[in-house]
Amino acid sequence: QKEVEQDPGPLSVPEGAIVSLNCTYSNSAFQYFMWYRQYSRKGPELLMYTYSSGNKEDGRFTAQVDKSSKYISLFIRDSQPSDSATYLCAMSLNTGNQFYFGTGTSLTVIP
Amino acid sequence: DAGVTQSPTHLIKTRGQQVTLRCSPKSGHDTVSWYQQALGQGPQFIFQYYEEEERQRGNFPDRFSGHQFPNYSSELNVNALLLGDSALYLCASSFGDRGGYTFGSGTRLTVV
């Protein structure tokens, strides 16, 4: 069993839609949860960084962590064509420790 | 503000050869981590360097080695290249134990 599971998609939505991206994990010791966006031929770019359970909002992006269910989500409101990319979830045991990544979900926002 | 810089951007090597990849961390960052990202997969942790020492290591064979210099830049060396080593190699930097890496654009290594 992989440490982190993520549906690879692809996911295609119309512009303006609300997008929901999800990951599950098996290690209950994970405490730090991240979402990265990766454009083609580029390195991952940090979108959200959260500690433990709860919600965090930043502009059109909201990250949710449910440690009891070992489930994290990223919501994108009012999606734009520029949001088209691969979204990677990542998590770690402690700050500074290695990150465990999901396989990434490919998202296309259609104008 | 210079981010993480990696060189070269692309590289083609023959099976059995050795390769060295280079990384300059973001200004102010002192910790460098290396990841391997195969096509269609998420990045896999190789190792992390802090204060010129390997602090953590992932599940990669000894063919993968690294180094960190006093200016915090780093090298990743891979010996006896295999076809399966073909991947995007990502360098990420951070400051101490603070999370949320900054990634470079990577080096695309193709082994033929």
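The values are calculated or read from the model by the stated rules, or taken from the named source; none is laboratory data. In this text, all values refer to a predicted model and were calculated from it rather than measured experimentally. Here the Cβ positions follow ideal geometry from the backbone for every residue, glycine too, while neighbour counts run over all protein chains shown. We work out accessible area using only protein heavy atoms, side chains counted, and drop any ligands, DNA or RNA first. Shrake-Rupley method; radii C 1.70, N 1.55, O 1.52, S 1.80 Å.
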Kindly establish whether A:Gly54 is over 19 Å from A:Asp7 (Cβ atoms) and surrounded by 19 or more Cβ atoms within 10 Å (Cβ to Cβ). no
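So, in region A:7-27, exactly how many residues are part of a strand (DSSP E or B) and either open to solvent by 40 Å² or more (accessible area, probe 1.4 Å) or at pLDDT below 95 (or both)?
As a first pass, look at region A:7-27 and keep what is part of a strand (DSSP E or B): A:11-14, A:19-25.
Still in the running and either open to solvent by 40 Å² or more (accessible area, probe 1.4 Å) or at pLDDT below 95 (or both): A:11-12, A:14, A:20, A:22, A:24.
Adding up the residues that qualify gives 6.
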Name the residue that is surrounded by the fewest Cβ atoms within 10 Å (Cβ to Cβ), counting only residues in region A:73-106 that are more than 14 Å from chain B (Cβ to nearest Cβ) and either under 30 Å from B:Phe60 (Cβ atoms) or acidic (Asp, Glu) (or both). A:Asp78
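Tally up the residues in region A:35-84 that are among the aromatic types (Phe, Trp, Tyr), assigned to a loop (DSSP other than H, G, I, E, B) and touching a Leu at 6+ places or on another chain (Cβ under 9 Å), please.
Within region A:35-84, the subset among the aromatic types (Phe, Trp, Tyr) is A:35-36, A:39, A:49, A:51, A:61, A:71, A:75.
When the remaining residues are screened for being assigned to a loop (DSSP other than H, G, I, E, B), the result is A:39.
Going one step further and asking which of them are touching a Leu at 6+ places or on another chain (Cβ under 9 Å), we end up with none.
The number of residues fulfilling the criteria is 0.
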Search region A:26-52 for residues being more than 24 Å from B:Leu39 (Cα to Cα) and at the interface with chain B (Cβ under 7 Å from one of its Cβ atoms), and hand back the single one that is nearest to the chain's Cα centre (by Cα). A:Tyr49
Conditions (1) touching a residue at least 12 places away in the same chain (Cβ under 8 Å); (2) under 21 Å from A:Glu3 (Cα atoms); (3) not small (Gly, Ala, Ser) -> B:Arg57 fails only (1)
Filter result (more than 10 Å from every other protein chain (Cβ to nearest Cβ) and of a type in the set (A, V, I, L, M)) within region B:63-112: B:Leu76, B:Val78, B:Ala80, B:Leu81, B:Leu82, B:Leu83, B:Ala87, B:Leu109, B:Val111, B:Val112
All but one of (1) away from chain A (no Cβ under 14 Å); (2) under 23 Å from A:Ala90 (Cβ atoms); (3) open to solvent by less than 20 Å² (accessible area, probe 1.4 Å) hold for B:Gly28, so report the exception by its number. (3)
Just to be sure, is B:Gln56 open to solvent by 10 Å² or more (accessible area, probe 1.4 Å), within 19 Å of A:Gln98 (Cα to Cα) and either hydroxyl-bearing (Ser, Thr, Tyr) or not in a strand (DSSP E or B) (or both)? no
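Identify, from the list B:Leu90, B:Leu76, B:Leu81, B:Leu109, the residue that is in contact (Cβ under 8 Å) with a residue 40 or more places away in the chain, open to solvent by less than 50 Å² (accessible area, probe 1.4 Å) and part of a loop (DSSP other than H, G, I, E, B). Quick ask: steps written out before the conclusion?
Working: B:Leu90 fails: part of a loop (DSSP other than H, G, I, E, B); B:Leu76 fails: part of a loop (DSSP other than H, G, I, E, B); B:Leu109 fails: part of a loop (DSSP other than H, G, I, E, B).
Testing whether each residue is in contact (Cβ under 8 Å) with a residue 40 or more places away in the chain, open to solvent by less than 50 Å² (accessible area, probe 1.4 Å) and part of a loop (DSSP other than H, G, I, E, B) leaves just B:Leu81.
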